[in-house]
Amino acid sequence: MYANKNRLYRVESIDGECLRPSAHLRRLADGWEVDVTGAALYRTDLGIELLWSYGKNGHFVPERDAV
């Protein structure tokens with residue numbers, strides 16, 4: 001689990017085979033899932049956070065349907 005702006009995300013999968021690493025994330029508080037590109041850990045004013053360049057295919061997934 002990693003923080004991003006005080007919200008926790010779980011990394012569901014990682015694809016390191018592409019030019020810019022991508023990941024599929026799930027936000028634990030509400031089930032929002034998103035594919036992100038350029039994800040990496042950074043030191044911010046809030047501590048170590050998972051940041052990314054952009055996300056796509058975001059959608060809510062009920063807990064019962066989560067991977």
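Every read-out reported here was derived from the displayed coordinates using simple, explicitly stated rules and does not represent laboratory data. Quick caveat: nothing in here was measured; it's all calculated off a predicted structure. Cβ coordinates were reconstructed from backbone atoms using ideal geometry, including for glycine residues, and neighbour counts include every protein chain displayed.
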- With θ set to phi - 60°, apply the Karplus curve 6.51 cos²θ - 1.76 cosθ + 1.60 along segment 38-49 and write out the HN-Hα couplings as whole Hz, x wherever there is a Gly or Pro. x, 5, 7, 8, 10, 8, 10, 4, 8, x, 7, 10
- Query: If you place +1 on the Cβ of every Lys and Arg and -1 on the Cβ of every Asp and Glu, how big does the dipole about the Cα centre of the chain come out, in debye to the nearest 20?
  - Reply: 180 debye
- The relative contact order of segment 1-56, taking Cα pairs under 8 Å that sit 6 or more residues apart, comes to a percentage of 29 percent
- If r is the Cβ-Cβ distance from Glu63 to Asn6 and R0 is 30 Å, what FRET efficiency results, to the nearest 0.05? 0.90
- Message: I'd like the Kirkwood hydrodynamic radius of segment 2-62, using the inverse of the mean 1/r over distinct C-alpha pairs, in Å.
- Response: 11.8 Å
